[in-house]
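The values are calculated or read from the model by the stated rules, or taken from the named source; none is laboratory data. Predicted model, so just to flag it, every value in this text is computed and none were measured. Reconstructed Cβ throughout: ideal geometry from the backbone, glycine too, with neighbour counts over all protein chains shown.
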Amino acid sequence: MAEDDIYGNKRHYEFFVDEKLKNKKILEKPKNHREGIYYCKNKVNLKYFNKLIRKFEVDDLSYARRLKLIQVLKILTYVMGIDLKDVNGLERDKLIIKIREITNSNQQLKRTQQDIKYMGKILFEDKEIPKFFKELEIKTDRSRQKARKDKLEYEEFEKLMRYFSKDDTLKAYLSVAMETLARPQELLYTKMEDVDFGEGYSFIQISEHGKEGIKKLLCIDSNPYLIRMISKHKNNQNKKEFLFLNEKDRQLTPFSINKKLKKACNKVKIDKPITCYSIKRFGVTFKRLMGEDDVTIQRTAGWTSTKQLKTYDLTSQDDVYKKKLAERGLIKDKKYLRFMPKTKPCVYCGEIVGFAESICPKCNHILDKDLIKQNYDDKSKAIEVLKVIMDDELVEMIQKKKQEHKEKLISQP
């Protein structure tokens, strides 16, 4: 039997079956937009909804997939008022126009087309599948393709991490999601018993609610954030407790995370619709720009093939060109020469801190080189701290240049 998911889709599905379908309310125009805008305009098509529900039970599809196919059937029966087996050319054209109207990308258009063809196989016997379902082809137009608005830059991701400086749970979630490329549902169903700590790293076992089945997530750069969150976890001795909890010590949800991300983006001036899945896309995009090969990214995410890279990779042509120019020293843009984020020890107390930390969470000393320059009056102390953070040779070169400049000034009459 299909299990409920973190989005509560089981409840929405059962409401549709028990309330909308059994009481034939699917034939009524929705009262408001919260209920959607599509409904079955011809009662002769009710039989297809019942057939679809029976197929769900036989195949034991996930509730998310069930709701997606129900939505597709609602659109079909809304646009085409006649029996689906009698679809003609005019009705087909009306459907294609409607689909183009409600889809935002060629990829979404292609998925909808695939769902409609799959619907034909479910609703009709092989020999009875209407020609419309077999031969439906909606041409894609590349000029319609638009860049996603939720593409994060690394500097923006750091801003979000610093905004949540006092929220250990959000910092742990964001860093783990970025590094492991895990889906929200996979992480949010993780329990305390699923985490296995090593020396400087940890593994998270995904044993339930994983779309690709059982897999392991390796946390290295996100490990300090994970350790800190667990050390403050109110029920960290209960191995059956959820790993990520909200302020009320209940299972954290994507809705709650998205709400916090929206507030954070407003505060730090990131004008983008960032959500849980934006972090996963950012992780894939960042890894590709930093030179990780496709198979490594595939294995990290636990995908069965590299085809899913097309869905999550937001690398643009401009990114590739700038990276090439930066590597050859033709432009000065450190963003495209950035190494993968790494954990680092605090200069003062030795605490291993996360890659996005500018202040040690244990002793509260400043770690970021720019903040050090702004806050330390004692230049020798600043240089001492910078030596730990920056490359020693670079610091020595800076000191040498300053000394040469000073001597030159003294020697002048």
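Is one or more of the residues making up region 77-99 among the aromatic types (Phe, Trp, Tyr), under 30 Å from HIS12 (Cβ atoms) and crowded, with 17+ Cβ neighbours inside 10 Å?
Going residue by residue through region 77-99, those that are among the aromatic types (Phe, Trp, Tyr) are 78.
So of that shortlist, the ones also under 30 Å from HIS12 (Cβ atoms) come out as 78.
Checking the rest, the ones that are also crowded, with 17+ Cβ neighbours inside 10 Å come to 78.
Yes, that holds for at least one residue.
Being acidic (Asp, Glu), surrounded by 15 or more Cβ atoms within 10 Å (Cβ to Cβ) and at pLDDT 90 or above is true for just one of ASP167, ASP196. Which residue is that? Before the answer, list the steps.
Details: ASP196 fails: surrounded by 15 or more Cβ atoms within 10 Å (Cβ to Cβ).
The unique qualifying residue is ASP167.
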Worksheet item: Taking region 81-124 on its own, how many of its residues are assigned to a loop (DSSP other than H, G, I, E, B) and among the aromatic types (Phe, Trp, Tyr)?
Response: 1
Item to complete: Could you check, for region 31-53, whether at least one of its residues is loosely packed, with under 13 Cβ neighbours inside 10 Å, at negative phi and among the acidic types (Asp, Glu)?
Response: no
Worksheet item: Of the conditions (1) part of a loop (DSSP other than H, G, I, E, B); (2) under 24 Å from PRO184 (Cα atoms); (3) not polar (S, T, N, Q), TYR13 fails just one. Which one is it?
Response: (1)
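Which of the residues that make up region 170-204 are among the β-branched types (Val, Ile, Thr) and either under 17 Å from ASN235 (Cβ atoms) or not in a helix (DSSP H, G or I) (or both)? If you could, list the steps in order and put the result at the bottom.
From region 170-204, those among the β-branched types (Val, Ile, Thr) are 176, 180, 190, 195, 204; that's our starting set.
Hits for region 170-204 are THR190, VAL195, ILE204.
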Discussion item. Please verify whether VAL320 is crowded, with 19+ Cβ neighbours inside 10 Å, assigned by TED's automatic domain parsing to the domain that holds GLU193 and within 24 Å of SER105 (Cα to Cα), treating the condition exactly as stated.
Written reply: no
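Among the residues of region 302-319, are any touching a residue at least 60 places away in the same chain (Cβ under 8 Å) and in contact with a Leu (Cβ under 7 Å, 6 or more places away or on another chain)? Give the steps one after another, and end with the answer.
Initial filter on region 302-319 (touching a residue at least 60 places away in the same chain (Cβ under 8 Å)): 302-304, 310-312, 314, 316.
Cutting the leftovers down to in contact with a Leu (Cβ under 7 Å, 6 or more places away or on another chain) gives us none.
Within region 302-319, not a single residue is touching a residue at least 60 places away in the same chain (Cβ under 8 Å) and in contact with a Leu (Cβ under 7 Å, 6 or more places away or on another chain).
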Worksheet item: Which residues, taken from region 327-375, are surrounded by 12 or more Cβ atoms within 10 Å (Cβ to Cβ), modelled with pLDDT under 70, over 27 Å from THR315 (Cβ atoms) and out of contact with any Ser or Thr (no Cβ under 8 Å at 6 or more places or on another chain)?
Response: LYS369, ILE372, LYS373
Worksheet item: Going by the structure shown, is SER202 under 17 Å from the mean Cα position of the chain (by Cα) and assigned by TED's automatic domain parsing to the domain that holds LEU261?
Response: no
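Among the candidates PHE15, PHE56, which residue alone is at pLDDT 90 or above and either loosely packed, with under 14 Cβ neighbours inside 10 Å or of a type in the set (A, V, I, L, M) (or both)?
Working: PHE56 fails: either loosely packed, with under 14 Cβ neighbours inside 10 Å or of a type in the set (A, V, I, L, M) (or both).
Result: PHE15 is the single residue among PHE15, PHE56 that is at pLDDT 90 or above and either loosely packed, with under 14 Cβ neighbours inside 10 Å or of a type in the set (A, V, I, L, M) (or both).
Table: residues versus (1) touching a residue at least 40 places away in the same chain (Cβ under 8 Å); (2) closer than 30 Å to ASP249 by Cβ; (3) touching a helix residue (DSSP H, G or I) at 6+ places or on another chain (Cβ under 8 Å); (4) of a type in the set (Phe, Trp, Tyr).
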position: GLN71; (1), (2), (3), (4): no, no, no, no
position: ILE82; (1), (2), (3), (4): yes, no, yes, no
position: ARG92; (1), (2), (3), (4): yes, no, yes, no
position: ASN104; (1), (2), (3), (4): yes, no, no, no
position: LYS110; (1), (2), (3), (4): no, no, no, no
position: MET119; (1), (2), (3), (4): yes, no, yes, no
position: ARG148; (1), (2), (3), (4): yes, no, yes, no
position: GLU153; (1), (2), (3), (4): yes, no, yes, no
position: PHE164; (1), (2), (3), (4): yes, yes, yes, yes
